[in-house]
Amino acid sequence: MRQVRGHFDQLSVQQISADILKDLIKARRRAGVKNATIRRDLTAVSSVLDNAADEGWISDNPAVGLNRRRIVPERIERIVLPQDASIAMVFPRLVPRVRDLCEFTRETGLRLDEVTGLRHASIDRNERTITVEKGKGDKLRVVPLTKIAEAIIDRQPRYIGKPWVFWKDKGQRLTEVSSRLGDLTRRVAQKAAREEVEFHRFSHHDFRHLFAVEYLRSGRGSIYDLQGELGHSTITVTERYLAFLTPDQVKSAKSVMAQRGAHSPRFEAANA
């Protein structure tokens, strides 16, 4: 509510109407705020107005009548899968810690802020799990610790007295991963264009997409299992990855009992 409080400072709760809320949406858009954030703003405002209605201060909540998905449409993110040849052109030029972080995302499917916020205390080597304590929406979830993920963790030097797996300087949490990778892929793309070599740019987040597609292709679990591992609030978001599968793979992915015996070596849990 802090971000939108100024919009209502001169208004009583009885003066907040659907038109006022539409003005808020326009103002937030002019400020360059993303649609997903605006929808969260409206949810917070609606909660306050619900309380006001419960107390009898207003008769109805004006936010209820707004079709938020129509007024503030959700941007459909384009899924890009990093190509092996393009990765091979970039990774040798990345600093080892950032390269390891990208590999870790490909192996676990964690978001960038979840990886950079990963603490050693969140890794359970006995249970072979990683606990994501502050996922999107502050939701806690647990994902498997695979052999490859564990090996990547083991490659990171420990900074005594600091909790982070991926750190910089004097043990601070690693930052500027996206900008570093973006700058490098841009330079590689320019060089490839001059030399007439095929190259496709990619971002850190694209390794999360790659994890999801490899997860389903390998038969590691169903689309519902993947939803849980990625931390998606709705299955609709996860179902976008079905477009990268064969018809037989789609059938398997939609089955609650996915072909768990067809594991890829990438996804085998580490031995105790």
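When Val188, Val115 are sorted by how many other C-beta atoms sit within 10 angstrom of their C-beta, beginning with the fewest, the order is Val188, Val115. Less than 19 Å apart at the alpha-carbon level, and either on another chain or at least 8 residues along: which lysines does that give for Lys162? Of all the lysines, those that pass the test against Lys162 - Cα under 19 Å, at least 8 places apart if same chain - are Lys134, Lys170.
Here the 3J(HN,Hα) profile of segment 46-52, calculated from phi with Karplus coefficients 6.51, -1.76 and 1.60 at θ = phi - 60°, is 4, 4, 5, 5, 4, 5, 5 Hz, Gly and Pro shown as x. With each label modelled as a point 7 angstrom along the Cα→C-beta vector, the Gln15-Arg97 pair spans 5.1 nm. Under 20 Å of direct C-alpha separation, and excluding same-chain neighbours fewer than eight residues apart, Lys251 reaches these aspartates and glutamates: Glu214, Asp225, Glu229, Glu239.
Dipole orientation for the chain: of the candidates Tyr215, Gln156, Phe244, Gln156 has the Cα lying most toward the positive pole (charges on Cβ; Lys, Arg +1; Asp, Glu -1). Helical content of the chain, expressed as a calculated mean residue ellipticity at 222 nm, amounts to -13500 deg cm²/dmol (DSSP H runs of 4 or more residues, -39,500 (n - 2.57) each, divided by residue number, nearest 500). For the chain, a crude dipole built from +1 on the beta carbon of Lys and Arg and -1 on the beta carbon of Asp and Glu, taken about the Cα centre, is about 700 debye to the nearest 20. Computed from phi, the 3J(HN,Hα) profile of segment 213-225 under the Karplus parametrisation 6.51, -1.76, 1.60 (θ = phi - 60°) reads 5, 5, 4, 6, 4, 7, x, 5, x, 7, 4, 6, 4 Hz, with x in place of Gly and Pro. Applying 1/(1 + (r/R0)^6) with r as the Cβ-Cβ distance of Val237 and Arg158 and R0 = 30 angstrom yields a FRET efficiency of 0.25.
Applying 1/(1 + (r/R0)^6) with R0 = 51 Å to the Cβ-Cβ distance of Asp23 and Arg187 gives a FRET efficiency near 0.70. In segment 84-267, inverting the average of 1/r over every pair of distinct C-alpha atoms gives 17.5 Å as the Kirkwood radius.
For segment 5-71, the square roots of the Cα gyration tensor eigenvalues, ordered a ≥ b ≥ c, give a/c of at least 1.5 with a/b greater than b/c, which places it in the prolate category. Farthest towards the positive end of the charge dipole of segment 84-267, among the residues Leu140, Phe166, Leu226, is the Cα of Phe166, using unit charges on the Cβ of Lys, Arg, Asp and Glu. With neighbours defined as other Cβ atoms within 10 Å of a residue's Cβ, the residues His209, His120 order from fewest to most as His120, His209. For segment 97-204, applying the loop criterion from DSSP together with a ceiling of 10 other beta carbons within 10 Å to the GluC sites (Glu not before Pro) yields Glu195, Glu196, Glu198.
Laboratory data are not the source of any read-out in this text; all were calculated from the coordinates shown. Note that the coordinates shown come from a computational prediction; the quantities given were computed from them, not determined experimentally. Reconstructed Cβ throughout: ideal geometry from the backbone, glycine too, with neighbour counts over all protein chains shown.
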